[in-house]
Amino acid sequence: MPELTPEQGAALFDAALASGEPNVLPVRLDLAALREQGDPHPMLRGLVRARRRRSAAGGSAATAGLVQRLEGLGAEERREVLLDLVRGQIAVVLGHAGAQTVDPARAFQDLGFDSLTAVELRNRLGKATGLRLPATVVFDYPTAHALVGYLLDELFGAAEPAAVVPVAALPSVADDPVVIVGMACRYPGGVASPEDLWRVVSEGVDAVTEFPVNRGWDIDTLYNPDREASGTTYSKAGGFLHDAGAFDAEFFGMSPREAVATDAQQRLLLETTWEAIERAGIDPVSLRGSQTGVFAGVMYNDYGNMLADEQYEGFRSNGSAPSIASGRVSYTFGFEGPAVTVDTACSSSLVAMHWAAQALRSGECSLAVAGGVTVMSTPTTFVEFSRQGGLSADGRCRSFAMRRWVGPGPRLGRCAGRYVGCSASWPSGVGGGAWLGRQSGRCVQWSDGAERSFAAAGDPAGIGQWWSVGGGRGCGGGARDRDHAG
């Protein structure tokens, strides 16, 4: 148990006070020294993994030569040599031209490994290193970097000291507000950035267009001004992302087949997440393994209905399931915080933002990516709302019947937006010290009356945002806001 510095002791004391645990022991453990002692004390077995050097080659010349070669190198050189060995074996198993074509940070599954090739790699590495490796080693250590760390530990014990992750006290809500440090978006009207969004708003651009022609919709048959005509819609306009299908599959490690089988909503979440993090002044790759949370508002899942070809089997369910959307982002970026998909209809993005702020305040994550996406892959929603008489005939909203028109109702369309949020003190200098916004108060979603919503929320003065839909119907919208007006 090495000596604690005054700074470490003070930090551990603060963490102990904030932990809420009745009994805590602030102590610094030298895990490498404990591992070298052999079988650890039962109380420490959850912290120290005993080193097991499992030789399959019985001290062969090849094994002895590898160990001798590595022992003469420094920590970084040792890792590089072993990484070259691992990448070389991966290249042989997968049939690549050479080790340099193997991305050491990419998951083995994404590289193309299955159960058979995983066992083959295990066997080849076992022969090269002299270690008896478990059959699941490729799945337990899913990247070349992770596998190299495991092999070093097996060959030399604590070859590299484990990084010490400091435990910090949870921030106070009052003193450490949640702030927005990055943003990315795709909206109708050619909006591909926050700057474009401001241009559309400031210039009053009309972003409503007729139905997209690149979605396979039979527009001539779909449109019918007769409101009672089955299988048709009396509106043929809305807000659309006409280039929603554009996607750099290779950049995100997807095969062309998987990319086609993946809902444009999930693809847009990947793109806007990367861009939002970059706009926050953070390298997205640097967040791999961090406690970054993902909160995505998603309400449509009709894309899978378009994939009838058998070549998409195995991808269809994941590609269009909203529950997978947030997890796909976390997996692709290597985030280890909470991953939650929210579906509360039109308020999904708002609730996702609210949950992200709550997770930051409670210490469930240190950084959060929150927002939502809507891409209607089929015209089913237009048909359904037409039967209900719930569409605006020209595709344009009028908030709370601003003027009368035939066919009052919501505008349907497509969009995607992502925000990166964190506590104001994490980390110092994010986004160059500039905040895009600050979240405060509580989120309230109206259900069956403003009075009940306010009663559930508590003091109305604590409500930071009030969200309401202006469909323009004869009843509903105005009643929702009468107690909140002013």
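The values are calculated or read from the model by the stated rules, or taken from the named source; none is laboratory data. From a predicted model like this one, the values you see are computed outputs, not experimental measurements. Here Cβ is always computed from backbone atoms with ideal geometry, including for glycine, and neighbour counts include all displayed protein chains. Quick note on the areas: whole protein, heavy atoms, side chains included, nothing else; ligands and nucleic acids left out. Shrake-Rupley method; radii C 1.70, N 1.55, O 1.52, S 1.80 Å.
Express the carbon and sulfur contribution to the solvent-accessible surface of the stretch 182-282 as a percent, rounded to the nearest whole number, probe 1.4 angstrom.
Values: 2470 of 4760 Å².
Whole-percent figure for carbon plus sulfur exposure: 52.
Which whole-number value in Å² is the accessible area per residue of the stretch 292-359, probe 1.4 Å?
Per-residue value: 42 Å².
Computing the accessible area with a 1.4 Å probe over protein heavy atoms, can you report the carbon and sulfur percentage for the stretch 294-336?
Working: 910 of 1990 Å².
Its accessible area is 46 percent carbon and sulfur atoms.
Heavy-atom accessible surface of the stretch 65-109, averaged per residue, reaches 54 Å², computed with a 1.4 Å probe. Taking packing as the residue-averaged number of other Cβ atoms within 10 angstrom, the listed peptides 332-345, 247-260 run from highest to lowest as 332-345, 247-260. FRET efficiency for the pair Glu77 and Thr136, taken as 1/(1 + (r/R0)^6) with r the Cβ-Cβ distance and R0 = 35 Å, rounds to 0.75. Quick one: net charge around Gln8, please, counting Lys, Arg +1 and Asp, Glu -1 for every other residue with C-beta under 13 Å from its C-beta. Once all neighbours under 13 Å are counted, the net charge is -2. Computed from the Cβ-Cβ distance with R0 of 25 Å, the FRET efficiency linking His96 to Tyr331 stands at 0.60. If you roll a 1.4 angstrom probe over the protein chains with everything in place, what fraction of the accessible area of the stretch 81-125 belongs to carbon and sulfur, to the nearest %? Within the stretch 81-125, the accessible surface is 49 percent carbon and sulfur.
Classify the stretch 190-253 as rounded, prolate or oblate from the Cα gyration tensor: take a ≥ b ≥ c as the square roots of its eigenvalues, call it rounded if a/c is under 1.5, otherwise prolate when a/b beats b/c and oblate if not. Cα axes put the stretch 190-253 in the oblate bin.
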